[in-house]
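Taking it in order: structure first as structure tokens, then the write-up.
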Amino acid sequence: MTEKTLTYDQLAITLADVYEQMGYHGVSPDEATQRETNLIIEEVRRWLRPQFCYQVVKQQPAFDMGKIILRQLRGSAAYALFVCTSGTEYEAYQQRLKEQGDMVRVYIADALGSVIAEHCADQMEVTLQENIDKLGWRHTNRFSPGYCGWHVSQQQLLFPLFEGHTCGVRLTDSSLMVPIKSVSGIIGLGPQVKYMDYTCGLCDFQQCYKRKLKLPQ
């Protein structure tokens with residue numbers, strides 16, 4: 001099991017990343033929203049400690065991932081199972097904002113939390129690749145329950161494989177992760193696999209955040 005705690009700055013998040021998640025595709029929001037976004041980022045930067053953990057297994061777990069993901073994992077010599085999270089402190093921060101009733105800040109923090117979780121997963125991939133470089137291996141894209149035909153209920157099969165090492169992330173009865181700004185899933189590893197640029201032709205899930213980023217301006 002590999003586990004790591006990061007800082008906000010290690011996530012290499014840009015304002016453009018946050019604005020994109022907020023729905024400002026290729027443009028910036030008004031000055032008031034920009035100012036509020038910067039204030040939230042500076043507040044969060046002081047204490048944010050996102051985490052990731054992953055473990056490598058040789059046998060493909062018995063998940064019902066669907067043909068899209070299985071095709072992308074074909075040829076894997078091993079598999080990385082992972083959990084990445086913005087952390088319980090960020091979850092509590094979002095809750096405080098909701099209680100204060102400032103919906104602009106709530107919206108910004110929600111978008112920022114999603115970006116934090118995804119960038120934490122990006123850093124997990126960097127660490128993973130560094131660890132398999134010595135084997136001459138590559139890795140596939142990461143795939144998560146809830147996307148590409150892999151039902152979110154399969155989280156109930158994924159999480160027990162971590163044997164409690166989930167960076168503090170737990171599942172609800174409906175298979176949602178808490179903290180909600182978390183990412184989990186599987187990555188294929190080996191000399192024969194490849195990473196693909198995300199394309200909407202890979203998957204037909206209309207609500208995917210990757211698809212949203214490709215909407216026409």
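For every residue, the table says whether it meets (1) more than 21 Å from Ile187 (Cβ to Cβ); (2) of a type in the set (Gly, Ala, Ser).
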{"position": "Asp64", "(1), (2)": "no, no"}
{"position": "Gly75", "(1), (2)": "no, yes"}
{"position": "Cys84", "(1), (2)": "no, no"}
{"position": "Thr88", "(1), (2)": "yes, no"}
{"position": "Val104", "(1), (2)": "yes, no"}
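Within segment 114-135, work out how many residues are within 23 Å of Glu36 (Cβ to Cβ) and either basic (Lys, Arg) or in contact with a helix residue (DSSP H, G or I) (Cβ under 6 Å, 6 or more places away or on another chain) (or both). The number of residues fulfilling the criteria is 3.
For segment 148-171, a tally of residues being closer than 15 Å to Thr88 by Cβ, open to solvent by 40 Å² or more (accessible area, probe 1.4 Å) and not in a strand (DSSP E or B) returns 1.
Filtering segment 17-30 to residues that are at pLDDT 95 or above and open to solvent by 80 Å² or more (accessible area, probe 1.4 Å) leaves nothing. Every residue in segment 142-173 that is on the phi < 0 side of the Ramachandran plot and acidic (Asp, Glu), please. Passing the criteria: only Asp173.
The values are calculated or read from the model by the stated rules, or taken from the named source; none is laboratory data. The structure displayed is predicted, hence computed values, not measured ones. All Cβ positions, glycine included, derive from the backbone under ideal geometry; neighbour counts span all protein chains shown. Side chains are part of the model used for accessible areas, which takes the heavy atoms of the whole protein and leaves out ligands, DNA and RNA. Shrake-Rupley method; radii C 1.70, N 1.55, O 1.52, S 1.80 Å.
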